[in-house]
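Heads up, the thing below is written out as structure tokens.
None of the figures in this text is laboratory data; all of them are computed from the coordinates on show. As the structure is a prediction and not an experimental result, all values here were calculated from the model. Heads up, the Cβs are rebuilt from the backbone with ideal geometry, glycines too, and the neighbour counts pull from every protein chain shown.
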Ligand SMILES: [Zn+2]
């Protein structure tokens, strides 16, 4: 029995909700614990404190039937979705604002509760017009707004002309003066002033800047010299679309780069005598050294098109704590196959999840969802479910400096949640991942045929569940056993909660 959005929304008292009969993803483990949340504050509560300390009874108890609760997913590279492209400026900017809102409301049904709207390389006026709509949007903490922007990701235009990918070469800039060129391109109000740290755990959205991350090639112009200026504004500097050598990439990391944009794609390939950008993942701070520079985080597109599954596995093994799955999704997510107009007069071709230039020669992003990327990762690497989920929750949150607010189920964090199951893809019980409005007539829909009565295949009796925390590998069906390693398991999304309110339930969509 589940509680509906309506009953939660009209809860008369403190709005305390207890999620029970569930497993929580905590670090690398699944914990058989209840989760207490507040629909009023939108935060995760300390269950011990709330129940035993405050003697509080929940206003609603939601039985999740043995399913798994994950923090909401975070996508740090999304160019658009549902036919809307962040990089295309309409005549009427009101339409732009509506389009951003539409993306947020569609995206949340895919489990992505926060994201970085990403602009590909554009002319200066595009940044000046659009960035005001793409900044952090969660200040009002309204669940009905859907997925929340954590700030814009400006991918380009200070990138290598030799590694431009689908970006138009005509708009690329070289930054001969360094940071002043970035100010001129993006706009002073979008870059802000140096110093005061704008994000903190207590109030992450205090006076937020519209830009959260900039992808630029460190070897272009004086970009390398601009890195400290960028990071002093609490903007992430990410290496990408770059010909950087190992030495240039290392210097960028020492100057403050903490991220690599879609590792391996649009960059100099690994060479055994010069490992290039990938080589910086091999950096480990010397124990005796005062230089505490860490290897950077890195984005990986696990769509089966951009990278070979083994490459994904190698990247993960090189630096598991830096590994972040991204979709690099194009506006074609959720649209039928065909030829579409893109930015700067180009046309792009969508065939299944593959999105390429019109001549099929250049990959132009993906049309995959983040949960589908996670399913690929789960099957390709043999990682456990918690390890898989970490790549789309806690790791991106930490990269953004929001590790106590997002991507975690610890008390005090935002109650952005995904309720999920893992099913055997071969048993016919799996379906679409919730893009757009689910097709209620389709035999693909999954709500009516769970893999077992426990809801997620765990098979752990209720009497043994509460208060126990156990290694996932000990739970049948979820451990990275040889038997399951390369067979098809699928992560299935059943519910999404935003700021403590349920905003999507697959079961409701079937009615
Ligand atoms: Zn790119």
Hey, can you rank 84-92, 232-240, 209-217 by average C-beta count inside 10 Å, highest first?
209-217, 232-240, 84-92
Order 63-70, 372-379 from most to least packed using the mean count of other Cβ atoms within 10 Å.
372-379, 63-70
With Rg from the Cα atoms and Rh as the Kirkwood inverse mean 1/r over Cα pairs, segment 298-388 has an Rg/Rh of 1.02
Relative contact order of segment 209-284 (C-alpha contacts under 8 Å, at least 6 apart) in percent is 30
R0 = 30 Å: FRET efficiency of residue 183 with residue 97, Cβ-based, nearest 0.05?
0.75
